[in-house]
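Visitor: Pasting a structure here, questions to come.
The values are calculated or read from the model by the stated rules, or taken from the named source; none is laboratory data. These numbers were taken from a predicted model, which means no experiment stands behind them. Cβ: placed from backbone, ideal geometry, glycine included. Neighbour counts: every protein chain shown. To get the accessible areas, we keep the full protein, side chains included, count just its heavy atoms, and leave off ligands, DNA and RNA. Shrake-Rupley method; radii C 1.70, N 1.55, O 1.52, S 1.80 Å.
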Amino acid sequence: MSSSPEAIATIPAVMTRTSAFDRERWLTGAAVWLVVLLLIVIVALPVGALVGQSFFDRTGVFVGLANFARYLENPALVQSAFNSLGLAAISAVICTAIAYVYAYGLTLSCMPAKGVLRAVALIPLLAPSLLPAISLVYLFGNQGLFKGLLGDVSIYGPLGIVLGSVFWTLPHALLILTTAMATSDGRLYEAAQTLGASRWRIFRTVTLPSSRYGLIVAAMVVFVLVITDFGVPKVVGGQTGVLATDIYKQVVGQQNFQMGAVVGLVLLIPAVLSFLVERHVRSKQAAALSARATPYKPEPVKTRDRALLVFCTITACGILVMIGMAVFASLATYWPYKLAPSLKNYDFSNMDGGGWGSYFNSLRLAVCAAVAGAFVTFVSAYLVEKPRHFGLPRELLNLLANLPLAVPGLVLGVGYIFFFISPSNPLRAIYGSMTILVVCTVAHFFSVAHLTSLTALRQLDREYELVSESMGVPFWRTLWRVHLPVALPTVLNVGGYFFVNAMTTVSAVVFLYSPQTTLAAIAVLNMDDAGDVAPAAAMASLIMLTAAVGRGVFALAGHWALARTQTWRNR
C-alpha cells in the first residue's frame, strides 16, 4: 500500500506539532506541581508544624494531650477563650447591624452624598487595627478628651475591645452587604408594590430574605477578624485576656512555644468552623441567584432617605473622629497640656520601635509583597482555570490556595516559627530576614487575591485557548498576549491589596521580625508598650497615609490598564 507524497510531507509537521504539544503539557504540569509545592511549604507545613508541636513538651518528647490538659487546668487561659468568643460575637452583631443599615442606605435608597459616605466608610481599610485603639485612648483614656462620658467604666477592657473592633471591621462587613444588596431582584419589589404591600412588609418579606446570606457571611467574617485580631486587645484590652494576646504572651513573653501552639490550635478551631459556615452560605447564595433577575432601582422616599442620611452621616462622622483623633494626637506637642501642632512626635529616631528604619522596612515589605503576591496569585489562578489536563493536581492547588482563608495570621506566624527554625529545614537561613516577612505576608493574604484573579480569568472564554491550540500557538504566547492583558487591571488591584495589607498587618509578622527588620506596625506596638503613645499615633497615621497613597497609585495603574484592555478588545 503506497502513500501519496503530500501525506508523507505532512508527517514531520504533525510530529513536530505533537512534540510541541507534549512539551507544553509537560511544562504546564511541572508549573502546577511547582506552585502546589510552594503552597505546601508556605502554608500547609507551617500549620502542620504548629499542630504537631502541641503534642510535644519543651524537650521534644511526645506527651500526647498533656499540653491540652494543662491548658484546661489554667483558669486564666480558659477564661480568655470565653472572652474571645463573647467579645467577637458581640462585635459581630453590632458591626453587622451598623453595616446593614449603612449598606441599605448606599444601595436601596435615594439619599444624597452616597459617594462621599461610601469613601469615608472604607477609610479604616487603610489603617492598622492599632490606630482605632490608640484613638480610643485619647478619647476615653485616663487623660482622654471625653473620659467623663464613660463614668466609672474604663475604656481598657471589653468596652474598648468592642469599640475598636467594630471600627476597623466595619468596611469588611459593608463591602459584603453592599454586594449582597446590589444583586436584589427588582421584579420582587415590583410585584410587592403591585400587591399593595407596605414598605415595612416589603423590607421583611423581600429585602431581608434576599440579603440574609450576606448578613450571615458578614457576621462570620467580622467574628473571625475580631477573634483573631491582636492590635486592639493589646492596646486597650487592659486585664481582659483573649486568645490573641495569650499566644503573644506564651510565645514572646514566656518562651513557652508548646503552650503557644495549643492556644493557637484553640484559636484555629473557631476560625475553621466560621470558614466552613461561610463557604456553605456562599454556595447557597450563588445557587439562589437567578439569570432573569433585573436590577432594583429605588424610588425616592423622603422620610426613609432622610433617616438613612442621618444615620450614615453620624456613622461616617464617628469614623472621621477616630481617624482625626489619632492624627491630631500625633501633631500635639505634649498631650494634654500643650496641644500646639508640631512634628516632634514624628522624630522616630528618638523613640523605641526601630525609628525611621521600621517605616522604610514596611515600605520595602509592601512593595515586595505587592509584586510577588500579584505574580504568584495570577499564576496560581491561571493554572487552576486554564489548563485542560492535570485535573487532580489543579484541584489540590485550588484547595491549598483557599486554605489561608481559614488560618488566622497569629496561627500562621507561630507555625512559621516552628517550621523555619527546625534544624532539619534547609530554609532555616531565611528566618529573621525580610524574605520570611514577604513570604508570610503573601501566604497570609493569598486566598482573596487568588480568588480575585480567578474571577478575572473566568471572564475570558475558553475558546481563546482552543483556537490557539488549533493554530499551534504556544500557551505562553496566548498567556502573554491574551490572558495577561485582559487580567492586568485585576493583577494591579491585587498588587494594591497586598501593598495595603503589608503596610498595616501585625498579627502574622509580630513573631518573625528581627532587630534589623522591625516594621512600622510593630514599631507602633513597641512605642505604645514603652508609653510613647503620641509617637505611636504618629507612626499609625503615617502608615495610613502611605497605604492610601500606595493604593491610589495601584488604582491609577489599574485604570490605565483597563483603558488599554478596552482598546485591545475593540480591535
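Visitor: Looking for whichever is modelled with pLDDT under 85 and either out of contact with any Pro (no Cβ under 7 Å at 6 or more places or on another chain) or among the aliphatic types (A, V, I, L, M) (or both) here; the options are Leu457, Leu437, Leu396. Which one fits?
Guide: Leu457
Visitor: Can we say Gly241 is under 17 Å from Gly86 (Cβ atoms) and either buried (at least 24 other Cβ atoms within 10 Å of the Cβ) or touching a residue at least 60 places away in the same chain (Cβ under 8 Å) (or both)?
Guide: yes
Visitor: Is it the case, given these coordinates, that Leu492 is under 20 Å from Ser447 (Cα atoms) and either open to solvent by 10 Å² or more (accessible area, probe 1.4 Å) or out of contact with any strand residue (DSSP E or B) (no Cβ under 9 Å at 6 or more places or on another chain) (or both)?
Guide: Considered against the rule, which asks whether it is under 20 Å from Ser447 (Cα atoms) and either open to solvent by 10 Å² or more (accessible area, probe 1.4 Å) or out of contact with any strand residue (DSSP E or B) (no Cβ under 9 Å at 6 or more places or on another chain) (or both), Leu492 comes out as yes.
Visitor: Based on this model, can you work out whether Ala429 counts as assigned to a helix (DSSP H, G or I) and open to solvent by 50 Å² or more (accessible area, probe 1.4 Å)?
Guide: yes
Visitor: Sticking with this one: Would you say Ala366 is closer than 30 Å to Ala119 by Cα, outside any helix (DSSP H, G or I) and open to solvent by less than 70 Å² (accessible area, probe 1.4 Å)?
Guide: When the stated conditions are applied, Ala366 does not pass them.
Visitor: If I ask for residues that are surrounded by 17 or more Cβ atoms within 10 Å (Cβ to Cβ), in a helix (DSSP H, G or I) and not polar (S, T, N, Q), which ones from the range 347-363 would you list?
Guide: Phe348, Gly357, Tyr359, Leu363
Visitor: To continue, here is another question. Name the residues in the range 300-318 that are of a type in the set (A, V, I, L, M), surrounded by 15 or more Cβ atoms within 10 Å (Cβ to Cβ) and out of contact with any helix residue (DSSP H, G or I) (no Cβ under 6 Å at 6 or more places or on another chain), would you?
Guide: Listed by number, the residues that qualify are Ala307, Leu309.
Visitor: OK, next. Of all the residues that make up the range 48-77, how many are open to solvent by 20 Å² or more (accessible area, probe 1.4 Å) and touching a residue at least 12 places away in the same chain (Cβ under 8 Å)?
Guide: 12
Visitor: Then there is this: Which of the residues that make up the range 383-404 are open to solvent by less than 20 Å² (accessible area, probe 1.4 Å), within 16 Å of Thr455 (Cβ to Cβ) and part of a helix (DSSP H, G or I)?
Guide: Listed by number, the residues that qualify are Leu383, Val384, Ala401, Asn402.
Visitor: Also: What is the number of the single condition among (1) modelled with pLDDT of 90 or more; (2) within 22 Å of Gly231 (Cα to Cα); (3) over 21 Å from the mean Cα position of the chain (by Cα); (4) open to solvent by less than 60 Å² (accessible area, probe 1.4 Å) that Gly144 does not meet?
Guide: (1)
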